[in-house]
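Single-structure report; data block below.
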Amino acid sequence: MDWVSSAEIRHISKLPKSKGQCLLGRQLRLNISDLDEDLRSGALLDYYYDVMQFVVSRGMPWHEVANAMTFANDFFRSFIHLTLPKSLCALRELSTQYVEQQKLGIENMKKLAQYFTVHVLAHHSLFQFVFSRERDCKSKHMSLEVQVSDAPKELSLSKTLKLWEYENRVQKVKSEENRKQMELNKERDLAKEKTQAVEKEIEHQLAKKEEVGEVDVKSMTEFLSALTAEEVNLVHDEVGFEIKKMKQAAEIAADLQAIPIPPELQNSTQKLPSKTQMKVKSSAGSRKSSGKGSPRKKK
């Protein structure tokens with residue numbers, strides 16, 4: 001940090017506060033372009049400017065004013081890393097050192113020490129919070145991928161909430177139907193593979209016996225019985241799978257039937273009269289017409 005001379009301090013002290021702070025910040029090489037974001041530079045600039053204004057207002061000689069600014073810099077580097085009791089000890093030791101080196105007179109040093117005690121160390125925790133802790137990085141600019149929704153369709157193509165809910169429930173039932181069908185097909189394929197593996201093993205054992213000439217009527221009967229049993233098991237499993245399939249179809253149909261049909265679909269899905277009903281109605285009509293046309297017998 002570059003320091004300021006007594007002549008520069010004299011010039012800065014005569015300027016309005018905003019211009020004086022701006023000039024002092026440039027001289028101290030602080031970031032004054034964005035003090036709202038750089039809180040440390042803003043707080044540090046206020047710290048040095050307030051010290052300068054205090055010593056100037058107390059009528060200190062200009063060379064002592066410059067030394068007071070140096071004192072403020074030395075003390076700042078110490079107390080932001082110390083506890084409050086140790087900061088008071090550091091203030092006392094630094095004050096004694098400046099008086100012994102004749103950088104500041106005793107009376108002016110007392111005034112300056114009192115200023116730091118009342119106006120700086122009273123906010124010791126705040127200074128430490130600002131200058132000794134890392135700030136969370138908050139960026140003004142960031143890239144964010146936004147997925148834009150599709151353009152809304154015409155109202156004539158829209159669906160009511162009840163129709164949308166109905167279609168969703170139907171879709172869920174059909175998805176469950178497909179899942180159960182896939183599981184059933186997988187179970188059926190596994191059963192077939194198991195049966196085929198057993199049949200191949202039986203045929204392999206039969207072929208081995210034929211090679212060594214150990215095939216007789218009894219062994220042949222046993223092999224045929226085993227093959228027949230496997231075929232029967234396969235047929236039994238196939239029947240069981242068909243029963244399961246029919247049961248699942250009935251359950252799916254019941255689930256679909258349990259879903260309330262929205263009003264807009266009820267009008268379009270009204271059942272037409274069956275052929276039997278039409279036939280009965282036609283017969284009744286013909287009987288009625290024939291009854292009208294035939295003359296009554298007079299008694």
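Things worth noting here:
- Unique match (being closer than 28 Å to LEU28 by Cβ and polar (S, T, N, Q)) among GLN101, GLN147: GLN101
- Residue in the range 38-60 that is assigned to a loop (DSSP other than H, G, I, E, B), under 49 Å from the mean Cα position of the chain (by Cα) and free of Cβ contacts under 8 Å to residues at least 60 places away in the same chain present: yes
- Taking the numbered list (1) modelled with pLDDT of 75 or more; (2) surrounded by 13 or more Cβ atoms within 10 Å (Cβ to Cβ); (3) in a helix (DSSP H, G or I) in turn, ASN233 passes all entries but (1).
- Within the range 67-94, being in contact (Cβ under 8 Å) with a residue 24 or more places away in the chain and more than 18 Å from LEU44 (Cβ to Cβ) holds for ASN67, LEU84, LEU88, LEU91.
- The set of residues in the range 143-196 being touching a helix residue (DSSP H, G or I) at 6+ places or on another chain (Cβ under 8 Å) and hydrophobic (A, V, I, L, M, F, W, C) consists of LEU163, VAL170, VAL173, LEU184, ALA191.
- Candidate set from the range 132-148 (those that are modelled with pLDDT of 80 or more and not acidic (Asp, Glu)); member that is farthest from PHE76 (Cα to Cα): VAL148
- Scanning the range 173-205 for residues that are among the aliphatic types (A, V, I, L, M) and either exposed (fewer than 10 other Cβ atoms within 10 Å of the Cβ) or within 24 Å of LEU256 (Cβ to Cβ) (or both) gives VAL173, MET182, LEU184.
- All positions within the range 101-134 that are surrounded by 13 or more Cβ atoms within 10 Å (Cβ to Cβ) and farther than 21 Å from ASP46 by Cβ: LYS103, LEU104, GLY105, ASN108, MET109, LYS110
The values are calculated or read from the model by the stated rules, or taken from the named source; none is laboratory data. All values reported here derive from a predicted model rather than from experimental measurement. Every residue, glycine among them, receives a Cβ derived from its backbone with ideal geometry; neighbour counts consider all protein chains shown.
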